[in-house]
1. So how long is each side of the stretch 190-242 along the principal axes, counting just the alpha-carbon atoms, biggest first, in Å?
2. Evaluate the relative contact order of the chain (contact order divided by residue number), counting alpha-carbon pairs under 8 angstrom at least 6 apart; express in whole percent.
3. Fully extended, how many nm does the chain gain between Q173 and D71 (0.36 nm per residue separation, minus their Cα-Cα distance)?
4. Any idea how far the Cα center of the stretch 206-271 sits from the one of the stretch 70-108, in Å?
5. Once you keep just the Cα pairs under 8 angstrom separated by 6 or more residues, what percentage relative contact order results for the stretch 200-287?
6. For the chain, what Kirkwood radius comes out of the mean inverse Cα-Cα distance, in Å?
7. Tell me which lysines have Cα within less than 19 Å of K229's Cα, excluding those fewer than 8 residues away on the same chain?
8. Note down the magnitude of the dipole of the chain about its Cα centre, charges +1 on Lys and Arg C-beta and -1 on Asp and Glu C-beta and zero elsewhere, to the nearest 20 debye.
Amino acid sequence: KLRVLSGMQPSGQLTLGNYIGALRNYVKLQHTHDCYFMVVDLHAVTVPQEPAALREQTESVAALYLAAGIDPEQATVFLQSSVSAHAELGWLLTTMTYMGELERMTQFKDKSEGKESVGAGLFTYPSLMAADILLYNADQVPVGDDQKQHLELTRDLAHRFNGRYGDTFKIPQGYIPEVGARVMSLDDASKKMSKSSPNAGSYIALLDPPDVIRKKISRAVTDSGREVKYDPAGKPEVSNLLSIYSAVTDKPITEIEAMYDGQGYGPFKKGLGEAVVELLEPLQQTYRDIRESGELHRILRQGQERAQEQAERTLSEVKAKMGFVTL
Ligand code: TYM
């Protein structure tokens, strides 16, 4: 079985963008692949986090994985911070990453832009992400479009390590969806939908109540026309909503265009709102059941044990190859 690894930051509420770009592929891949899905809490602290909020968001993301349909018996679900090998290999790979490579990362440029003080961890973030992936010798990494550059660096680091110390790491591939790899904001189709946006109207959180979902979609920015047509250059907002509609219902975009032919944006947005509610309502019910069951920590401990075993094995091999004394 091919190995899959991915993760999400508990730095806010998961959004429909996270679901469409990545989470629904986690669910799909678990049946055919050997999967590791983690909550990347060590990455979340690259920007300041309130301890109570971090704890809550971390548990929330883990519960949302399960609510979305990840079966913890089939896939290994765990917290990044519970497997110390991530931080260790992260350090080792940081020493092998060039400043220039990190300076070119667009996520770093976006997140640090205009900030007075930026933590060094935000800069070295991609080396830790490479460690996450390489520790498990993952073949495939399901992510959205915005992680392509980080994945490319991961591949470069794997080649670099293998070149210096002998064949050790597999070279991972991205698993990026055709529709929905980059879900855009509801208020501005030039920005990606983001859980850390200050404007809650710009995203649909997976835990937004149905009425809020309907309202946010009905208020989504559209152009002044009335034709429901996929045209990313000419109609970026409507095209974004069409992509979401297609991803959420598994209907081809052409079919959705035909459904709303000549009807204008009102019925289209209404239909989309209902489709999103239909997807998220059952997920939210399962989420509440999981949070109330008190099973989450047990599941995460079980995941920790499985992940640790694999990660420790890779880390020992890496340390021996680099010349650390084995005692
Ligand atoms: P994060 O937490 O920002 O996002 C989690 C996943 O959701 C995808 N995503 C989107 N996809 C489509 N449209 C959007 N608007 C959108 N916003 C987010 C992201 O591409 C991602 O797949 N660096 C990673 C976390 C990470 C990781 C890893 C991922 C750390 N270690 C190892 C894979 C493997 C991040 O910040 O994701």
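Read-outs throughout are calculated quantities, based only on the coordinates presented, and are distinct from any laboratory measurement. What you see is a predicted model; the values in this text were computed from it and never measured. In this analysis, Cβ positions are derived from the backbone assuming ideal geometry, glycine residues included, and neighbour counts consider all displayed protein chains.
1. 31, 22, 15
2. 23 percent
3. Gain on extension, Q173 to D71, equals 34.4 nm.
4. Between the Cα centres of the stretch 206-271 and the stretch 70-108 lies a distance of 36 Å.
5. Relative contact order of the stretch 200-287: 35 percent.
6. Result for the chain, one decimal place: 20.8 Å.
7. Excluding near neighbours in sequence, the set is K251, K269, K270.
8. Dipole about the Cα centre, nearest 20: 340 debye.
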